[in-house]
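Notes to accompany the following structure.
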Amino acid sequence: MRTVALLLFLGAAAVALIRFTEPAVAAAGCPSCYGFTDLGGGLYVESAMPADRRAAARATVAAARDRVRAFYGELRSDPRVLLCATEACYRPLGGGSRGVALLDRALILSPRGTDTVIAAHELAHAEFHRRIGLAATLARSVPQWFDEGLAVVVSDDPRYLAPGPDRCRAEPGGDLPTARSAWIEQAGSAGLYARAACRVSRWLDAHGGAAGLPGLVASGSYQDVGRHTGS
């Protein structure tokens, strides 16, 4: 009995610790515990969201999934999508960002991120993480600029991509942040996303588009991508 009681106590303590230190992870694991309503199909919205916005949110996420599917040909990931209707809902979970992806398991969108481009960007992260696998994702094997640039390309973000054959709005120009921490520190820098998107776009052009990604994943040579993307 003491062993059972101890295990229950440790389990409860672990849950409490996760809720305190990683609220986004806790919310993804138990959306209803954080005030989200299940709309079905892996979509959860803040309970305060009115009916008309719920319908719009459902359409937005469907369009975003279609955009990612169009790039890859199929979806292997099926993350939970949590949509906040208010900043009060999102701030404890995602801070000041528009959206955040949690591996390939879930993504959380702020009121400012509930549009097709931002949703597709976060879904693109989830899809890529599923394809490279959990070990590579946790080890940060892929340079962060490639992960972010690919998400920009997949989401077809017009802020950072130009129309036409050459999609670059800014030349890559030297080194880009490879570590996630460095990327976060520099994310506000002018043109960072555009530079990363340009480099990834050129890598894709040189490797047959999305068809080149399986070879990259199979080789595991993620640190070599910068050698074949131009500068």
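Total residues in segment 65-75 satisfying the condition of being without any contact (Cβ under 8 Å) to a residue 60 or more places away in the chain and either under 16 Å from the mean Cα position of the chain (by Cα) or in a loop (DSSP other than H, G, I, E, B) (or both): the figure is 5. Which of the residues spanning segment 187-212 are under 13 Å from Ala151 (Cα atoms) and either aromatic (Phe, Trp, Tyr) or not in a helix (DSSP H, G or I) (or both)? Residue satisfying the conditions is Tyr193 alone.
Taken over segment 81-117, the residue count meeting the criterion of being touching a strand residue (DSSP E or B) at 6+ places or on another chain (Cβ under 7 Å), over 30 Å from Pro214 (Cβ atoms), not aliphatic (A, V, I, L, M) and not in a helix (DSSP H, G or I) is 4. Can you spot a residue in segment 19-34 that is outside any helix (DSSP H, G or I) and at pLDDT 95 or above? Checking segment 19-34: at least one residue is outside any helix (DSSP H, G or I) and at pLDDT 95 or above.
Taking the stated definitions as given, is Ala120 small (Gly, Ala, Ser), in contact with an Asp or Glu (Cβ under 7 Å, 6 or more places away or on another chain), outside any loop (DSSP other than H, G, I, E, B) and at negative phi? Here the answer is no, as Ala120 does not meet what is asked.
Residues considered: Asp175, Asp78, Asp166, Asp157. Of these, the only one that is in a loop (DSSP other than H, G, I, E, B), closer than 21 Å to Ser32 by Cα and either within 14 Å of the chain's Cα centre (by Cα) or in the same structural domain as Gly212 (by the TED database) (or both) is Asp78. Within segment 39-56, is even one residue of a type in the set (Asp, Glu) and touching a residue at least 40 places away in the same chain (Cβ under 8 Å)? Yes, because at least one residue in segment 39-56 is of a type in the set (Asp, Glu) and touching a residue at least 40 places away in the same chain (Cβ under 8 Å).
The values are calculated or read from the model by the stated rules, or taken from the named source; none is laboratory data. Source: prediction; values computed, not measured. Neighbour counts run over all protein chains shown; Cβ positions are idealised from the backbone, glycine included.
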